[in-house]
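Okay, structure first, notes after.
Bear in mind these aren't lab numbers, they're just calculated from the coordinates by the rules spelled out. Treat the numbers as computed from the prediction; the structure is a model and nothing was measured. Don't worry about glycine lacking a Cβ; one is built from the backbone with ideal geometry, like all the others, and counts go over all protein chains shown.
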Amino acid sequence: MKKKITYSKILEIKNITESTYILRLEKADFEFKAGQYLVLNVPGEYKAREYSIYSPEESPTIDLLIKEIETGEVSRELKYLKVGTKVEITGPFGFFVLRDSLNEQLKHYTFVATGTGISPFHSIILSNPELDYDIIHGVKYLKEGYESGSFKNDCYHLCTSREHGENYHGRVTGYLKKHGIRKDSVYYICGNSAMVNEVTELLEESGILPSDIRTEVFF
Ligand SMILES: Cc1cc2nc3c(=O)[nH]c(=O)nc-3n(C[C@H](O)[C@H](O)[C@H](O)COP(=O)(O)OP(=O)(O)OC[C@H]3O[C@@H](n4cnc5c(N)ncnc54)[C@H](O)[C@@H]3O)c2cc1C
């Protein structure tokens with residue numbers, strides 16, 4: 001897929017929680033594979049940041065799910081830009097996409113995310129409605145389940161570390177240990193580096209081959 005720089009208009013900024021929002025951009029002829037990311041820059045500034053694409057491949061817009069970081073620069077600035085402002089996007093980048101073919105045993109996908117690490121999985125799952133998957137999403141509070149209604153009910157497993165609900169209370173590693181690690185699955189992990197490393201270690205200790213584990217680190 002050809003990489004290019006596009007100047008894309010902001011169509012909408014929709015708050016999902018008080019700190020997380022969807023930045024909706026004009027798509028024009030920007031193409032990508034579900035799971036990939038782009039690099040976004042506000043024209044005239046030199047503060048580019050990577051963002052995974054949240055919307056599915058066929059969507060008429062490019063949606064990004066962004067967490068406003070209190071001490072951050074770009075994630076805060078983007079939230080207050082005006083609809084109609086043009087931003088610079090480059091890409092697509094990355095190899096965090098579905099494998100071309102799965103062998104006979106491995107037809108199931110397990111997606112593990114923390115926070116906005118859910119974004120590439122949202123794109124992958126909505127782009128491939130027939131996929132057999134489980135998605136394990138670690139957050140602090142219940143409201144950070146974001147748009148969990150996009151996923152099949154029994155496939156989405158919310159893990160909250162600081163709030164009790166009907167869901168699993170604890171971290172994604174605790175969830176995996178409690179519910180067991182499927183040997184017939186390919187694993188995709190996305191989020192902060194500590195979680196990605198911990199889950200990778202746990203999977204490898206459980207006999208999952210490194211070639212059946214893919215990772216994307218946000219920070
Ligand atoms: C491949 C890739 C894809 C990414 N996709 C997304 C995405 O879909 N959504 C998204 O919100 N971010 C994503 N990020 C992170 C994003 O690029 C920025 O780092 C983030 O928006 C913070 O930028 P900032 O300028 O506001 O803060 P900065 O000043 O650059 O960083 C401040 C601090 O914020 C922390 N931080 C960075 N990202 C996060 C986060 N998501 N949650 C909690 N703490 C964080 C880090 O510790 C960092 O040191 C991605 C990063 C990579 C490498």
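The table for this structure:
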{"item": "Residue match in the stretch 200-211 (condition: within 15 Å of F96 (Cβ to Cβ) and either in contact with a Gly (Cβ under 7 Å, 6 or more places away or on another chain) or of a type outside the set (S, T, Y) (or both))", "result": "no"}
{"item": "Unmet requirement for G94, which otherwise passes all of (1) under 30 Å from H157 (Cα atoms); (2) away from the ligand (no atom under 16 Å from the Cβ)", "result": "(2)"}
{"item": "The stretch 7-24, subset under 27 Å from K140 (Cα atoms) and polar (S, T, N, Q), residue surrounded by the most Cβ atoms within 10 Å (Cβ to Cβ)", "result": "T20"}
{"item": "E88 within 15 Å of the ligand (Cβ to nearest atom) and over 25 Å from M1 (Cβ atoms)", "result": "no"}
{"item": "Lone unmet requirement of (1) under 26 Å from E68 (Cβ atoms); (2) crowded, with 19+ Cβ neighbours inside 10 Å; (3) touching a residue at least 24 places away in the same chain (Cβ under 8 Å) for L142", "result": "(2)"}
{"item": "Matching entry among T116, T110, T71 (being under 23 Å from V199 (Cα atoms) and within 7 Å of the ligand (Cβ to nearest atom))", "result": "T116"}
{"item": "Qualifying residue in the stretch 39-53 (condition: out of contact with any strand residue (DSSP E or B) (no Cβ under 8 Å at 6 or more places or on another chain), more than 9 Å from the ligand (Cβ to nearest atom) and under 14 Å from K86 (Cβ atoms))", "result": "yes"}
